[in-house]
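These notes are about the structure you will find just below.
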Amino acid sequence: MESADFTLNDGALPMSRPEMPPAPALNWQQEMQQALRNGRELLEFCHLSPTALDFDPDPDFPCRVPRPWAARIRKGDPRDPLLLQVLPRICEQETVPGFGTDPTGDLRALAGPGLLHKYRSRCLLVTTAACAVHCRYCFRRHFPYGEQATPWPDLGTHLAAHPEIREVILSGGDPLMLPTARLQRLAVMLGQQPQVRTLRIHTRMPVVLPARVDAELLDFFRRLPLQVVMVLHVNHAQELDQTTATTLAALREAGVHLLNQAVLLRAVNDRTDSQQALAETLFSQGVLPYYLHLLDPVAGAAHFTVDTASALALHAELRRALPGYLVPRLAQEKPGEAAKRVLAG
Ligand SMILES: *Cc1c(COP(=O)(O)O)cnc(C)c1O
Ligand code: SF4
């Protein structure tokens, strides 16, 4: 599937003409199979002893970390901001008042068929249950995806009945876990609805598993007669390296607009310098910060909480430290409310 004319990037600055991503040794499905799948293995990979952290050998929400992303974890550091996002820990078992299994009210909203239409001009499709990485703070960590076979609703009928929809958002899980051929079939269907101008994809894959951005996917984006917006999910500057720079440059060359959403997490990215470095590094790789989300109160993630007052103070500092276009909107999801609540813009 990979063409032979990929050239290895020789470490040139990302500013130079975008190269194709380096031909990965493994394709993305093989990379997926090789992902780290338990805490002990992950600690070993990071040169840490099994007693370095209170890791949980048998968590309800299983451990899953692709190796290319795990390689960016600093070796021998139990406080590494990437490790803390993905290592299952015993402290997740604590029950904390206010932290439940459906913090965003998705289960109610999704009683229907995997299609959320909360805003006038855009609708959101839950495409798949799967993710390449399992983030410990994920608001869907208790989501019964298994029961939700994610049958795609009749999107065509819905769009025809709602000519005001201009943008279709693919969410999940991670939509890029779907084979490109599946995305292509969806795109053909969207193409039959002339009102739809933009396809948005919420994904973590270009950063956690860069091999997913292969020649076939780039070709798909290049040919798509729609605006394509990709909202990445990066929480810390250390998640970005030369490989992501090359991968993101290739996406931009294929016409994809790149934005980022992050989640504000205690001990991971709750300092001004960390958020500033994230914004600046994203920008150096062609990505604009979009949202900084307050943690959804999901059971098992209470230890990541940053209180609202601290979040607002941090955001005010960011506004002083960064140009306006690099300051993400501080946002909070409120179950049952019609729109995402922006606390500070
Ligand atoms: C967040 C969200 C969107 C997108 O909102 P934007 O403000 O355009 O980023 C759309 N639909 C649903 C259900 C959402 O939760
Ligand atoms: S990639 Fe997104 S949906 Fe998947 S586990 Fe992480 S936060 Fe949750």
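Here, each number is a calculation from the coordinates, and none is a lab measurement. Since the structure is predicted, the reported quantities are computational estimates derived from the model, not experimental observations. As a convention, Cβ positions derive from the backbone with ideal geometry for all residues, glycine included, and neighbour counts pool all protein chains shown.
Observations
- Theoretical FRET efficiency, 1/(1+(r/R0)^6), r = Cβ-Cβ of Cys91 and Ala309, R0 22 Å, to 0.05: 0.40
- Net charge in the neighbourhood of Gly173 (other residues with Cβ under 11 Å of its Cβ; Lys, Arg +1, Asp, Glu -1) is +1.
- Each residue of segment 208-215 was assigned a 3J(HN,Hα) from its phi angle through the Karplus curve 6.51 cos²θ - 1.76 cosθ + 1.60 (θ = phi - 60°); the sequence is 7, 8, x, 4, 4, 7, 9, 4 Hz, with glycine and proline shown as x.
- Rel. contact order, % - alpha carbon contacts under 8 angstrom, at least six apart, the chain: 18
- Here segment 101-344 carries DSSP beta bridges of which approximately 15% are antiparallel, counting only pairs with both residues inside.
- Ranked by how many other beta carbons lie within 10 Å on average, peptides 182-191, 289-298 from highest: 289-298, 182-191
- Over all pairs of different C-alpha atoms, the chain has a mean inverse distance whose reciprocal, the Kirkwood radius, equals 20.9 Å.
- With helices as the sole contributors, the chain gives -7500 deg cm²/dmol at 222 nm; each DSSP H run of n ≥ 4 counts as -39500 (n - 2.57), and the sum is divided by every residue.
- What the Kirkwood sum gives for segment 126-277 is a hydrodynamic radius of 16.7 Å, with every pair of different alpha carbons counted.
- From the alpha carbon centroid of segment 183-204 to that of segment 291-339 is 29 Å.
- Assuming charge only on the beta carbon of Lys and Arg (+1) and of Asp and Glu (-1), the dipole of the chain about its Cα centre is about 860 debye to the nearest 20.
- In a reduced charge model with +1 at each Lys and Arg Cβ and -1 at each Asp and Glu Cβ, segment 195-340 shows a dipole moment near 400 debye about its Cα centre.
- The residue list Leu278, Pro97, Leu186 was ranked by how far each Cα lies along the charge dipole of the chain toward its positive end, using unit charges on Cβ atoms, and Leu186 comes out on top.
- Ordering Gln242, Asn269, Ala311 by the projection of their Cα atoms onto the charge dipole of segment 101-344, which places +1 on the Cβ of Lys and Arg and -1 on the Cβ of Asp and Glu, puts Ala311 at the extreme positive end.
- Peptides 200-213, 315-328, 61-74, 239-252 ordered by average Cβ neighbours within 10 Å, highest first: 200-213, 239-252, 61-74, 315-328
- Overall, segment 165-257 carries a charge dipole of about 380 debye about its Cα centre when +1 sits on the Cβ of Lys and Arg and -1 on the Cβ of Asp and Glu, all other atoms neutral.
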